[in-house]
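Contents: one structure, followed by commentary.
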Amino acid sequence: YPAAAQGDLVVWDMAGAVEVGRIALADIVTGDGVSGVGAQPWRFAWDDESSSDEGVVDDGLPPRLYVADAHLPTVWEVDLDPSSPASSVVEALSVPAPVHALAVVAESEDPRTYREGYHNLYIAPTDDTRVDVYDLDAEAWIDVNPRDGVVGGLDLHSPVVGLSASPL
């Protein structure tokens, strides 16, 4: 809705070319009290994995959808109900600024190479030159460079124009 500066998430059945339903973000007030009034969803990333003590596993549930907001400093976390989108569970992750790009990457632990497993959300704030990393399992922001004295993401010293998921 351009005139209202408000957007909905719309779920489509591409085979039938029909709208299945909507998630009206303006009507959302999360458990943390975050309101969706003024929300403008635009970029998204799917996360069809979850973590356990055994590593990253497919839990058989519909994938979680992470939606960047072009107006609010929020990433919407949507546990999508594909048959009834309005019944989907929506939470909000507060971020430093509206988000230009995001990606979810998960990798299982590999004891042969001494590599730890991870399950992270990467975001690039709008009008910034950094990428911030959120640990989805610990539900905490990661200080990716603790030696620089600044808590936060990795400064790339150049505008970030996009992110793409690649575990390797």
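Here are a few things to note about the model shown:
- Each pair of Cα atoms in the chain enters the Kirkwood radius, and Stokes-Einstein at 4 °C and 1.567 mPa s then converts it into a translational diffusion coefficient of 76 µm²/s.
- In the assembled protein chains, Trp42 presents an accessible area of approximately 110 Å² (probe radius 1.4 Å).
- With the simple spin-label model, which puts each label point 7 Å out from Cα in the Cβ direction, the Ser35 to Val150 separation comes to 3.3 nm.
- Cα gyration tensor category, rounded, prolate or oblate, for region 122-168 with a/c compared to 1.5: oblate
- Pair Glu116, Ala17: separation of 7 Å Cα→Cβ label points (nm): 5.1
- For region 65-133, alpha-carbon Rg and Dmax in angstrom: 14.9, 45
- Just so you know, the Rg over Rh for region 84-168 is 1.02, from Cα atoms, with Rh as the Kirkwood radius.
- Total formal charge among the other residues, if their Cβ is under 10 angstrom from that of Asp8, Lys/Arg +1 and Asp/Glu -1: 0
- Among the GluC sites (Glu not before Pro) in region 96-168, those placed in a DSSP loop whose Cβ has at most 16 other Cβ atoms within 10 Å are Glu109, Glu116, Glu139.
- ³J(HN,Hα) computed for each position of region 27-36 - Karplus, 6.51 cos²θ - 1.76 cosθ + 1.60, integer Hz, glycine/proline x: 8, 7, 10, 6, x, 8, x, 7, 9, x
- Charge tally around Val95: other residues with Cβ under 9 Å, Lys/Arg +1 each, Asp/Glu -1 each, net -2.
- Paramagnetic reach from Ala86 in region 17-50 [backbone N under 14 Å; point 7 Å along Cα→Cβ]: 20-28
- Net charge of the neighbourhood of Asp148, taken over other residues with C-beta under 13 Å away and scored Lys/Arg +1, Asp/Glu -1, is 0.
The values are calculated or read from the model by the stated rules, or taken from the named source; none is laboratory data. Just so you know, these numbers come straight off a predicted model, no measurement behind them. Methodologically, a virtual Cβ is constructed for each residue, glycine included, from the backbone with ideal geometry; neighbour enumeration extends over all protein chains shown. For the accessible areas, the whole protein counts, side chains as well, though only heavy atoms, and no ligand, DNA or RNA atoms are used. Shrake-Rupley method; radii C 1.70, N 1.55, O 1.52, S 1.80 Å.
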